[in-house]
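The values are calculated or read from the model by the stated rules, or taken from the named source; none is laboratory data. Everything numeric in this text was worked out from a predicted model, so none of it was measured. Neighbour counts run over all protein chains shown; Cβ positions are idealised from the backbone, glycine included. Heads up: the accessible areas ignore ligands, DNA and RNA and are worked out on the full protein's heavy atoms, side chains in. Shrake-Rupley method; radii C 1.70, N 1.55, O 1.52, S 1.80 Å.
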Amino acid sequence: MGTMEQLSQRINSKITRETGEDGQVSLSEESRKHSGLRFRYGWTLNYGLNYQSLGNRSPRGGYYCGSPERARSDATSQMNKYKSGADPSFLRLLRSKVSNTLSSFRTHNMVLGNDGDLYYGSETCTSCSGRGENSCTSCNYSSGWTTCNSCYGRGYYHDTQYINGRNETVRRTCSVCYGNGKTRCYTCSGSGKVQCSSCNGSGEHYYGYYITVTADRGTNFVIKDDTPHSWTLDFLKAKGLESSHYFTEIEIKELEAGHNGYSVAYEMHSVLPTLQYKATIPAGSTEMRFIGENDDIYDAGCVMDASFWERAINLGAGSVQRDKNILALSGVKKLLKKHESDNYADLMSDNWISKDIYKAFTEKYETFVGSLSKQNKKGLWKTIILGYLLTLLTLTVPVFLIGVFSPEAAVEFNWYLHDYFRNVSELRPWALQNTLPSMLEEMIDGYYRKWDSLAVAALAAYGFTKLVQFIHRKKHSKKETFFSFLVWFWLLPYFFSWIAMMINLTVNNFGDTPSKDVEWYIYCIALVYNSLPEIFLFSAAIAFVVLNWRYWKKKSNRIQQYDSEILNSRFKLKAKS
């Protein structure tokens, strides 16, 4: 089998693998060339000064030059030595990093660092004029003494005493300042001076310079053949140094120093094999381009457009099984990954599929995703309202029945409420300290420990949060998890505490009838009325859990039936186990 037949078979196999359609590409008009190339390249050393603010302490190493201006001047002098070649240290360093090899040819710009020498100088601190200390402002620059706050500077105070049957005023010496009227300044300890905050007492600010060096890459090349393929130059410019992976017959030699201004320069001669075919497909003909000895694809000429679009056009056409088959295609997965996260896709980089087809397909995909979202939200508000009303009724009926069989419970409700919930207010569900863990600890230890209760409540809330998330089988962000934890940390303990109170209230008052001659339903209504905050609150919480679970179950079943990892990720669903 010749090269043309082998390439045709390879191309058609890829089309079938990526699109599920039989490849129908036939090649003709072979044009193979071996273009000679000449590269001249090298690296130029570039020097610069890196300014450093060194703070208020003298560096342990380096050259002290006096003033920062002198430090800059000395650093510049040394830099000029490097530039002139009087000190070839960095030139030797560059030569150790490059050579006449292909891997060295692929090396881009380099940062060679600095020579390790710091040239620094200092300036007198302008805040303290080099003294390292300033006058204390707390004692108003008065040599370390402040007015006594106890006697207000008088040195004494008046005291009233009951003597000989009457009140008399007695003057007493101040026990704080011992009659002086002043006390030693706390800020400066009586010295009247404080350390300068700008230089931390050193009186100097230090500045320095490092000599930094970079090696900048430069390249120029020519195609030595007179008649290369028209796209050879475009390939070299597009691939840059990576095009060297396809070179053959490589010869590299070093040039004299200073060639084209390079500090180190090389010349490389090589050959670039190129191959071109006319590709005939049912929709017409195009041009396919190959590179290197192994005939790697450089430009597939969009030969996959027709086959790919033949499948992709049917996405979202109504058949779930057809959509599932389309999403399972290798080519579709690659393009959707590129669309969702901008991943590399060889179908686009090697021009198997045109940008127009890619754009049309992603628009088709977004329309498909939009229709799935609408299906998920269809009838959602109706379900939420009906579900909440049903839950509200489910909680109201038991409370009403408690009033029927335990009328005394309505009378004792407020007393039980104060007993179970400390510091009760009209907004009693906000009382965080009234938790189930606190009740359990009172039963075990006989006293109330707040922090232990909060720890148990936090553990319970975390466990319930994870349970709800597991039931929903949804990928949750950190923010969603934290918000859910806060809700259940507050709600769960109060819910269980209220349930325990209602059970105790019912058991202790079962069958008891108040002495007052009041209609039985009045007690039922009163008990329901007093419990309205909990009924509304817990109905909302229970409805949220149940309806959210039903919604996500319905949503996950609808999305996961396509068995598409990309679609699951788009809707933040976990993969089907």
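On a 1.4 Å probe surface of the protein chains, which of Val213, Val397 comes out largest in accessible area, and what is the full order?
On the way: Val213 0, Val397 70 Å².
From most accessible down to least: Val397, Val213.
Once you charge only the Cβ atoms, +1 for Lys and Arg and -1 for Asp and Glu, what is the size of the charge dipole of the range 1-142 about its Cα centre, to the nearest 20 debye?
Values: 18 positive and 13 negative charges, 111 e Å.
It comes to approximately 540 debye.
At a probe size of 1.4 Å, how large is the accessible area of Thr173, to the nearest 10 Å²?
90
Is there a quick way to get the dipole size of the range 299-361? I mean about its Cα centre, with the Cβ of Lys and Arg at +1 and of Asp and Glu at -1; what is the value in debye to the nearest 20?
Value, rounded to 20: 280 debye.
Using a 1.4 Å probe, how large is the accessible area of Tyr358, given in Å² and rounded to the nearest 10?
Only protein atoms counted, so the area is about 40 Å².
Summing +1 for each Lys or Arg and -1 for each Asp or Glu, what net charge is found among the other residues whose Cβ lies under 12 Å from the Cβ of Arg154?
Working: positive: Arg171, Arg172, Lys182; negative: none.
Net of charged neighbours comes to +3.
Output the relative contact order of the range 133-195, whole-number percent, from Cα pairs under 8 angstrom with separation of 6+ residues. Before the final figure, lay out each step's value.
Numbers: 111 pairs, mean separation 29.2, N = 63.
46 percent.
Where the centre of each part is set by its Cα atoms, how far does the range 277-317 sit from the range 230-255, in angstrom?
The two parts, judged by their Cα centres, are 26 Å apart.
Which of Lys33/Lys224; Lys337/Lys364; Lys239/Lys278; Lys14/Lys333 have a Cα-Cα distance over 20 Å? Provide the component values of the computation, followed by the final result.
Numbers: Lys33/Lys224 12 Å; Lys337/Lys364 15 Å; Lys239/Lys278 23 Å; Lys14/Lys333 14 Å.
Exceeds cut-off: Lys239/Lys278.
Give the accessible area for Val176 in Å² (nearest 10); use a 1.4 Å probe, count only protein heavy atoms, and leave out ligands, DNA and RNA.
80
Can you sort Lys14, Lys377 by solvent-accessible area, 1.4 Å probe, largest first? List each step's numbers first, then the result.
Details: Lys14 25, Lys377 130 Å².
My answer, sorted largest first, is Lys377, Lys14.
Taking amide H atoms as placed 1.01 Å from N in the peptide plane, list the residues 5 or more away in sequence, or in a different chain, whose amide H sits under 5 Å from that of Tyr63.
Leu118, Tyr119, Tyr120
Can you list the residues, at least 5 places off or on another chain, whose amide H is less than 5 Å from the amide H of Leu255, using H built in the peptide plane?
Ala265, Tyr266, Glu267
Can you tell me the dipole magnitude for the range 133-195 around its Cα centre, using point charges on the Cβ only (Lys, Arg +1; Asp, Glu -1), in Debye to the nearest 20? Don't skip to the answer; put the middle values down first.
Working: 7 positive and 3 negative charges, 21 e Å.
The dipole magnitude comes to about 100 debye.
Taking all protein chains together and a probe of 1.4 Å, list Asp226, Asp342, Asp234 from the most accessible to the least accessible. Working shown, then result.
Working: Asp226 150, Asp342 115, Asp234 90 Å².
Sorted descending by solvent-accessible area, the residues read Asp226, Asp342, Asp234.
Which of Asn164, Ser189, Cys177 sits closest to the plus end of the dipole of the range 133-195, meaning its Cα is farthest towards the positive end, when Lys and Arg get +1 and Asp and Glu get -1 on the C-beta?
Going by the charge dipole, the pick is Asn164.
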